[in-house]
Every structure is written in C-alpha cells, then in structure tokens.
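The values are calculated or read from the model by the stated rules, or taken from the named source; none is laboratory data. A quick note: this is a predicted structure, and the numbers were derived from the prediction, not measured. Ideal geometry is used to build each Cβ from the backbone, glycine not excepted, and the neighbour counts take in all protein chains shown. The protein model used for the area step is the full one, side chains on, heavy atoms only, and it has no ligands, DNA or RNA in it. Shrake-Rupley method; radii C 1.70, N 1.55, O 1.52, S 1.80 Å.
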Amino acid sequence: DAKTTQPNSMESNEEEPVHLPCNHSTISGTDYIHWYRQLPSQGPEYVIHGLTSNVNNRMASLAIAEDRKSSTLILHRATLRDAAVYYCILSENNAGNMLTFGGGTRLMVKP
Amino acid sequence: KAGVTQTPRYLIKTRGQQVTLSCSPISGHRSVSWYQQTPGQGLQFLFEYFSETQRNKGNFPGRFSGRQFSNSRSEMNVSTLELGDSALYLCASRLGFRETQYFGPGTRLLVL
C-alpha cells in the first residue's frame, strides 16, 4: 500500500491560514488523496479528497502537486474548533474504501 | 438526520471473554464498515457490509466477525479477547460504494 508522511504536529494562530503538508512519493496513478480529521473523543470526519486537480469545499482546499507526490490541505482561517488530528490517506478509489490511517498531524490552534 | 450511533460507548472486559458491539448507520445508508483504532497501529479497516453481505475484509484474525441486518444495523463480535484488542472501534456508514463515509463516535473497549 502506498504510504503517506505527515508532520507529527503543527501550531497555528486563530484566524490565520494553515497549510498541512502530506508526502506520498509512492502514489499510484489511480490513488485518490483523502483528508479526514478527528476531533478529541470523536470519530474521523471527512474533509476533502482529490485525484489530480486542486479541490475546494466549504471546509478546506486541497492543493495537489503536479507530480502528485505531495499535497497540502489548506484551512483558510483556522478556528479553535479546527484543533484536531488531520489524516492524509491514499485510496485506490473515489470513495475511500477500506481506509488505513497513519499517525496524522495534530493541529493546535492558539487564540 | 441523525448521525451514526454506536453502543455501548465504553466497555471493559477481561481476557478470554467475548464482546458484541452495535452500530446504527445513518438512515438510508446501506453500507457499514468497521475499523479498529489504536495508538500504535492507527486506524485499520476490519470489514465492510453492504445489504447484509460482507463485501471487503481487512487483515484481522477470525476472532473478529460481524454481520448486518436487513435494516442495515450492524454488529461486530470479538471472541476470546486478548489484551491487544483494547482499542477504539469505529463504525462508518455510507449511502453506496462511491459515497463518502461518515463515522460514529466509536466504542472504547478495554481488555484487562
């Protein structure tokens, strides 16, 4: 399985943008890049996913490198409620079947 | 619309016992997946059910089993519990195979 590498933790100030990086140098041509986040004492929550083009939704933006070996999740204005562990996952299909999460990045947001 | 619900939320068992966990998917969702989350291994896929049939299975021993009922509710059973089975067990549901998964809050199992 293609693996992802993320920093263990990051800090951000409230209302500032946050860029969460993910490296996936062994990604295959059919792998989708999914992002989930997990708030304390909750199950994971879907954030965004993409294949080749950059994607935007109400929660975040996903910037995918041209060679697809890395991607960045962008939170445009961090709030205290965005403090969570963010997981970058590769899945061989659009729906993210049979997900396997690694360590993720723990995002801390300072007021 | 109510989200995915899981019962119980917390459970303590001893080695050798068995346990059954329950998951009620979002109304209308026919697919239910189960995951195990531990600090050491992260989140790992156990199995997925769709219309009462197991469609996919992860790399777990046969002690882990599940089933899905006609109303899409699902149960997961772990027999002969081991200390290493202590984990957060998460259930996720979705409308169909090409749809986003929605996770429940999980059942935290502690095996003593």
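Observations
- Among the residues of B:53-62, the average count of other protein chain beta-carbon atoms within 10 Å of the residue beta-carbon is 1.
- Sequence-ordered 3J(HN,Hα) estimates for the stretch B:74-82 from the Karplus curve with 6.51, -1.76 and 1.60 and θ = phi - 60° stand at 10, 10, 10, 10, 10, 9, 6, 4, 10 Hz, glycine and proline given as x.
- Qualifying aspartates and glutamates (Cα of each under 13 Å from Cα of A:LYS110; at least 8 residues distant if same chain): A:GLU11, A:GLU14, A:GLU15, A:GLU16, A:ASP82
- For A:VAL85, the shell of other residues with beta-carbons less than 10 Å away shows a net charge of +2, using +1 for Lys and Arg and -1 for Asp and Glu.
- Within the straight-line cut-off of under 19 Å between alpha carbons, the aspartates and glutamates reachable from A:LYS3 are A:ASP31, A:GLU66, A:ASP67, A:GLU92, sequence neighbours fewer than 8 places apart in one chain being disregarded.
- Across chain A, C-alpha contacts under 8 Å between residues 6 or more apart give a mean separation that, scaled by the residue count, equals a relative contact order of 37 percent.
- Projecting the Cα atoms of A:LEU62, A:SER25, A:LEU51 onto the dipole axis of chain A, where Lys and Arg carry +1 and Asp and Glu carry -1 at the beta carbon, places A:LEU62 farthest toward the positive end.
- Ranked from largest, the principal axis spans of the Cα set of chain B equal 37, 26, 25 Å.
- Charges were assigned to the Cβ only: +1 to each Lys and Arg, -1 to each Asp and Glu. The resulting dipole of the stretch A:39-111 about its Cα centre is roughly 300 debye.
- Peptide B:90-98 - average C-beta neighbours from other chains (10 Å radius): 3
- The residues packed around A:GLU16, meaning those with a beta-carbon under 10 Å from its beta-carbon, carry a net charge of 0 if Lys and Arg are +1 and Asp and Glu are -1.
- Of B:ILE26, A:ILE33, the order by accessible heavy-atom surface (1.4 Å probe, DNA, RNA and ligands excluded), from most exposed downward, is B:ILE26, A:ILE33.
- When the P(r) is computed for the stretch A:1-56, the part past 13 Å accounts for 72% of the Cα-Cα pairs.
- Expressed as a fraction of 2.2 N^0.38 Å, the value expected for a compact globular protein of N residues, the C-alpha radius of gyration of the protein assembly as shown is 1.02.
- Inter-centroid distance (Cα atoms) of the stretch A:27-56 relative to the stretch B:71-102, Å: 20
- Cα lying deepest toward the dipole's positive end in the protein assembly as shown, options A:THR79, A:PRO111, B:VAL111, charges on Cβ: B:VAL111
- Within-15-Å neighbourhood charge of B:VAL32 [Cβ basis; K, R +1; D, E -1]: +2
- Mean Cα-pair separation over length for the stretch B:1-86, i.e. relative contact order, pairs under 8 Å, 6 or more apart, %: 31
- Anisotropy class of the stretch A:26-67 from Cα gyration tensor, a/c 1.5 cut: oblate
- Convex hull volume per residue in cubic angstrom - Cα atoms of chain A: 92
- With the charge dipole of the protein assembly as shown set up from +1 on Lys and Arg Cβ and -1 on Asp and Glu Cβ about the Cα centre, the Cα lying farthest toward the positive end among the listed residues A:ILE89, B:GLN37, B:PRO25 is that of B:PRO25.
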